[in-house]
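Take a look at the structure set out below.
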Amino acid sequence: MAEEAAVRAQAETVRRLKQDKADPDEIAKEVAKLLDMKAQLGADEGKQKFVLKTPKGTRDFGPKEMAIRERAFKAIISCFKRHGAEVIDTPVFELKETLTGKYGEDSKLIYDLKDQGGELLSLRYDLTVPFARYLAMNKITNIKRYHIAKVYRRDNPAMTRGRYREFYQCDFDIAGQFDPMIPDAECLKIVHEILSDLQLGDFVIKVNDRRILDGMFAVCGVPDSKFRTICSSVDKLDKVPWEEVRSEMVGEKGLSPEAADRIGEYVQLHGGLELIERLLQDPKLSQNKLAKEGLGDIKLLFEYLTLFGITGKISFDLSLARGLDYYTGVIFEAVLLQQENEHVEEAVSVGSVAGGGRYDGLVGMFDPKGRKVPCVGVSIGIERIFSILEQRLEASEEKIRTTETQVLVASAQKKLLEERLKLISELWDAGIKAEMLYKKNPKLLNQLQYCEDTGIPLVAIVGEQELKDGVVKLRIVATREEVDVRRESLVEEIRIRTSQC
């Protein structure tokens with residue numbers, strides 16, 4: 001192609017000028033000319049070769065998917081509001097230093113942005129660190145809030161399991177100085193309510209305490225400097241067997257085999273109040289101040305959860321570690337269970353759908369005077385929940401409505417567009433969700449078929465006779481029953497009929 005040949009010739013000109021150490025201004029001029037030619041060529045090529053795709057780890061959501069998502073969001077928001085939470089929002093990016101050092105080994109997954117005007121910025125990794133920054137910046141010491149927004153992680157996506165690089169988090173947090181374990185118990189109650197409401201199947205909420213873990217590491221002989229990295233290994237126990245975790249601790253992280261074996265004796269334990277009582281009598285753990293504190297609080301937590309009537313779904317699990325650095329006390333994670341087959345009693349985990357815990361030191365990291373604001377919170381893993389709901393609806397072949405339209409304004413004869421427009425305007429002004437077809441003279445059959453296809457429950461039909469009589473024919477799509485309704489009573493009639501749907 002002539003254009004490509006011209007670009008090659010220009011590139012040769014630039015090369016020769018550089019070789020001859022020509023005047024820098026002349027070189028710059030020719031380089032600019034070359035870049036311009038390349039850009040032009042690229043633009044022309046783009047018309048033929050442009051690939052239409054979303055970036056790796058992201059996806060589009062069509063009307064059907066959004067209808068499912070909105071249904072789930074509605075259930076979650078209604079639960080958060082039922083518990084008295086206020087809503088806040090924070091920027092999608094933060095100063096890089098705000099996020100640095102808060103996520104342990106996961107910090108490598110933070111998206112850094114190119115310097116735009118003197119500030120080093122990163123996309124938010126979660127909603128918790130921005131919340132702590134918000135509290136410190138505004139000197140807030142007491143709030144119950146929820147926040148639903150997108151977060152970003154430079155992770156290896158697993159799209160089928162709801163693991164993306166851009167995804168929503170739904171967070172609920174209680175900040176403030178309160179008596180022990182009362183807010184923590186409420187967070188677990190919220191998880192229980194949401195998972196029960198969404199009917200995702202059987203689940204268990206695993207509970208542990210960072211202080212129990214740290215005390216356990218200490219009595220097992222883990223050096224202080226290795227607490228966090230060993231914690232990160234233990235956190236993998238829900239995905240890989242103990243042998244692999246042990247081998248990582250010893251082989252990659254330099255822990256002594258004896259210490260790893262002692263950890264193994266603890267992290268494979270799970271149960272309820274009886275296990276807590278047993279560990280409170282454990283000769284090693286009970287001598288450790290941190291572990292004793294943690295076990296005392298977990299015991300109190302279980303007493304409150306018993307009053308809430310939800311201990312049947314709660315498991316005290318010493319393998320639960322949650323890798324984030326900012327947790328200081330109780331930690332928890334909700335996991336969906338699936339029966340492998342009828343002959344196996346033990347249910348298997350199909351993935352975490354919520355997690356959280358207590359982080360009493362995070363706000364103090366941002367406060368100039370180091371003032372601490374105790375916090376506890378939970379994050380609902382909404383993307384995994386969406387994946388499950390989508391797969392289930394696909395399997396059931398249930399028809400999903402993608403609009404909330406209550407009534408279609410239709411006409412039975414030609415030349416009634418003006419009457420349809422007048423009627424639909426009246427309905428819109430009264431707050432009724434209404435549609436009409438964008439044709440001057442649509443066939444009645446086509447209008448009725450549109451309602452069948454989209455799930456609109458009612459049709460308000462205007463015809464010459466109806467106009468004379470001052471009525472509108474209201475058709476119930478499901479039963480095909482038709483009733484004449486006085487024009488002035490139509491809004492009320494539609495409200496009554498759609499409230500029964």
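Each of Ser396 and Lys56 was given a label point 7 Å from its Cα along the Cα-to-Cβ line. The distance between the two points is 3.6 nm. For region 13-31 versus region 165-184, the inter-centroid distance based on Cα atoms is 61 Å. For the pair Lys33 and Ala430, the difference between a 0.36 nm per residue extended length and the Cα-Cα distance amounts to 136.7 nm. Each of the GluC sites (Glu not before Pro) that DSSP puts in a loop and that has at most 12 other Cβ atoms within 10 Å breaks the chain; the longest unbroken stretch is 120-339. Here's how it looks for Leu200: its modeled amide H is under 5 Å from none belonging to a residue 5 or more places away or on a different chain. Here the Karplus curve 6.51 cos²θ - 1.76 cosθ + 1.60, taken at θ = phi - 60°, turns the phi angles of region 401-408 into couplings of 7, 9, 10, 10, 4, 8, 8, 9 Hz, with x standing for Gly and Pro.
Pairs spanning more than 19 Å between alpha-carbon atoms, out of Lys422/Lys473; Lys236/Lys313; Lys150/Lys369; Lys64/Lys189; Lys150/Lys433: Lys236/Lys313; Lys150/Lys369; Lys64/Lys189; Lys150/Lys433. Extension gain for Thr90-Asn142 works out to 17.0 nm (0.36 nm per residue, less the C-alpha to C-alpha distance). Summed over the residues of the chain and divided among them, the accessible surface reaches 53 Å² per residue at a probe radius of 1.4 Å. Around the amide H of Arg165, modelled in the peptide plane, lie the amide H atoms of Thr58, all under 5 Å away and 5 or more residues distant in sequence or on another chain.
Given their separation in residues at 0.36 nm each and the Cα-Cα distance between them, Asp112 and Arg16 gain 30.7 nm when the chain is fully extended.
Neighbours of Glu265, meaning other residues whose beta-carbon lies under 11 angstrom from its beta-carbon, give a summed charge of 0 when Lys and Arg score +1 and Asp and Glu score -1. Computed from the Cβ-Cβ distance with R0 of 60 Å, the FRET efficiency linking Ser352 to Leu437 stands at 0.80. For region 412-501, the set of chymotrypsin sites (Phe, Trp or Tyr not before Pro) satisfying both a DSSP loop assignment and a count of at most 15 other C-beta atoms within 10 Å is given as Tyr438. The string of couplings for region 123-137 from the Karplus curve (6.51, -1.76, 1.60, θ = phi - 60°) is 5, 5, 8, 8, 9, 7, 5, x, 5, 5, 4, 4, 5, 5, 5 Hz, one whole number per residue in order, with x for Gly and Pro.
The alpha carbon gyration tensor of region 42-163 gives principal lengths a ≥ b ≥ c with a/c of 1.5 or higher and a/b no greater than b/c, which makes the shape oblate. In this structure, Asp179 and Glu265 have a Cβ-Cβ separation that, at R0 = 35 Å, corresponds to a calculated FRET efficiency of about 0.55. Residues whose amide H comes within less than 5 Å of that of Asp209, counting only those at least five positions distant or on another chain, are Ile331 (H built at 1.01 Å from N in the peptide plane). For region 98-222, the Kirkwood hydrodynamic radius comes to 17.7 Å, computed from all pairs of different C-alpha atoms. The string of couplings for region 59-64 from the Karplus curve (6.51, -1.76, 1.60, θ = phi - 60°) is 8, 8, 10, x, x, 5 Hz, one whole number per residue in order, with x for Gly and Pro. Overall, the chain carries a charge dipole of about 1120 debye about its Cα centre when +1 sits on the Cβ of Lys and Arg and -1 on the Cβ of Asp and Glu, all other atoms neutral. With an a/c value under 1.5 for the gyration tensor axes a ≥ b ≥ c computed over the alpha-carbon atoms, region 407-499 is described as rounded.
The values are calculated or read from the model by the stated rules, or taken from the named source; none is laboratory data. Remember, predicted model here, so these are calculated numbers, not experimental data. Please note: Cβ atoms are built from the backbone with ideal geometry, for glycine as well, and neighbour counts cover all protein chains shown. We work out accessible area using only protein heavy atoms, side chains counted, and drop any ligands, DNA or RNA first. Shrake-Rupley method; radii C 1.70, N 1.55, O 1.52, S 1.80 Å.
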